[in-house]
Every structure is written in structure tokens, then in C-alpha cells.
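The block underneath contains the structure these notes are about, expressed in C-alpha cells.
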Amino acid sequence: LPGMMAHIDKALHPNSLRNKPKWLVTFLNMRKHLGLLSLWFLLIHVLMSALLVGPQYYAKFYVDPKDALSRMNLKGESSLFLGILGTGLYTIMGICSLPPIAETMTHRQWHLIFGPLAWMALICGTLHVAVQGINAWANPASQAKWPWGIPPITLISVLFPFGVIVLKIFQVIFGYVM
């Protein structure tokens, strides 16, 4: 998001020599630290989820939740696959941000890792959660069961990343038009 905001600022003031706003510079300087902190929480999530994976905790992921040896259904397999793929991509980004690795990367390699690969990681992570809850979002019968009208955590947790993805799509579309 900070990089996209910098691109938007540059697009709004293309021929300007003005400095970026101080809040944006601060936000840009925090990217690496926020990314590494996010990777830490992602790894904690993976470890905790590995301990809980099974029909007792994730019944909606299994064909027969009452059978301890049940196979995963399509929702469970898709969510797990996207989560593993996203985690792998985020891990590559984390490794590439380490000084000994980052210092040896070319400009092209850096843009590949922190460009398309980062976006694929974000898309995989967002879809990992979306697959789990999309049925509950679209079904009016399940919407009536939302406690106090509060949407499920799966919907709430994909709103921000989905918004960033939509913003990036607009940036790409309008970036090519200009």
C-alpha cells in the first residue's frame, strides 16, 4: 500500500519537484519492518493452524466431520493449497529482504520479487481466507444468522487486502492509459 500511495502521489504531481508528504515518507520507511513483522505473525498462524487441523476444529473442511480419518473437501483443499502457496511466496520475500541477499540482487530481481511475486502472495493469502467464507457472505439465509448483524471474520479480514488489490488494478489500468 505505501508504494502504491507513492505512485498515486507521483501521478497526481507528475512535473513537480515537491517532496512527498512526511506521513507518506514515514509509511514508506516502515515497509520492511511491517513486512517482517507480518511474516512473523504468518509463521505463528501456520504453526498454530497445524496443531488444530482436523475435523474436530475445521469441520467445514472435511467430507465427514464426524470421522477422524475423513478426507478434506474442495473448500479445505483449496484453502490449504492457497495458504501454503501464499506462505511460500511470503517466505521468499522475507528471505530476499535480508541484507546479505538483498545486497546481491539485481534491480530486475528485486522488482520481480517485490512486484509480481508480492502481488501473487497477497492474492493467494486473500483467496485462502475468501474460500473459507464466501458461501456465508453470499447466502441471505446465513446473513440472517450473523450475530448482531456483524459479518463473519472471513469477510472482515479480506476487505482491506481486497481493497488494495482493487486499487492496484486501477493503478495498472490508469498507469497504462496515461
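The values are calculated or read from the model by the stated rules, or taken from the named source; none is laboratory data. Owing to the predicted nature of the structure, the values given are computational and were not obtained by experimental measurement. When we count neighbours, we look across all protein chains shown, and the Cβ atoms used for this are built from the backbone with ideal geometry, even at glycine. Heads up: the accessible areas ignore ligands, DNA and RNA and are worked out on the full protein's heavy atoms, side chains in. Shrake-Rupley method; radii C 1.70, N 1.55, O 1.52, S 1.80 Å.
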**Request:** Check the stretch 68-75 and report whether any residue there is under 30 Å from HIS33 (Cβ atoms), polar (S, T, N, Q) and not in a helix (DSSP H, G or I).
**Result:** no
**Message:** If ASP67 meets every condition in (1) modelled with pLDDT of 90 or more; (2) farther than 27 Å from LEU127 by Cβ apart from one, which number is that one?
**Reply:** (1)
**Message:** Tell me whether the stretch 15-26 contains one or more residues that are touching a residue at least 60 places away in the same chain (Cβ under 8 Å), in a helix (DSSP H, G or I) and of a type in the set (D, E, K, R).
**Reply:** no
**Prompt:** Give me the pairs: first residue in the stretch 45-56 and more than 16 Å from VAL129 (Cα to Cα), second residue not small (Gly, Ala, Ser) and not in a loop (DSSP other than H, G, I, E, B), beta-carbon distance under 8 Å, and six or more apart or on different chains, which are they?
**Reply:** PRO55/PHE61; PRO55/TYR62
**Asked** Is it fair to say TRP137 is surrounded by fewer than 14 Cβ atoms within 10 Å (Cβ to Cβ), of a type in the set (Phe, Trp, Tyr) and closer than 27 Å to PHE61 by Cβ?
**Response** no
**Asked** Taking SER49, is it open to solvent by less than 40 Å² (accessible area, probe 1.4 Å), over 18 Å from MET120 (Cβ atoms) and assigned to a helix (DSSP H, G or I)?
**Response** yes
**Message:** Could you check the stretch 21-32 and list, in sequence order, the residues that are open to solvent by 90 Å² or more (accessible area, probe 1.4 Å) and either within 13 Å of SER97 (Cβ to Cβ) or of a type in the set (Val, Ile, Thr) (or both)?
**Reply:** ARG31, LYS32
**Request:** With the checklist (1) in contact (Cβ under 8 Å) with a residue 12 or more places away in the chain; (2) part of a helix (DSSP H, G or I) in hand, flag the one item HIS33 doesn't pass.
**Result:** (1)
**Prompt:** If you go through the stretch 143-171, how many residues are assigned to a helix (DSSP H, G or I), open to solvent by less than 90 Å² (accessible area, probe 1.4 Å), hydrophobic (A, V, I, L, M, F, W, C) and farther than 24 Å from GLY115 by Cβ?
**Reply:** 2
**Prompt:** Within the group GLY35, GLY76, GLY125, GLY83, which residue is over 13 Å from the mean Cα position of the chain (by Cα), surrounded by 13 or more Cβ atoms within 10 Å (Cβ to Cβ) and within 24 Å of ILE156 (Cα to Cα)?
**Reply:** GLY76
**Request:** Only residues in the stretch 104-122 that are surrounded by 13 or more Cβ atoms within 10 Å (Cβ to Cβ) count as the first member; pair them with residues that are among the hydroxyl-bearing types (Ser, Thr, Tyr), Cβ under 8 angstrom, at least 6 apart or cross-chain, and list the lot.
**Result:** ALA121/TYR90
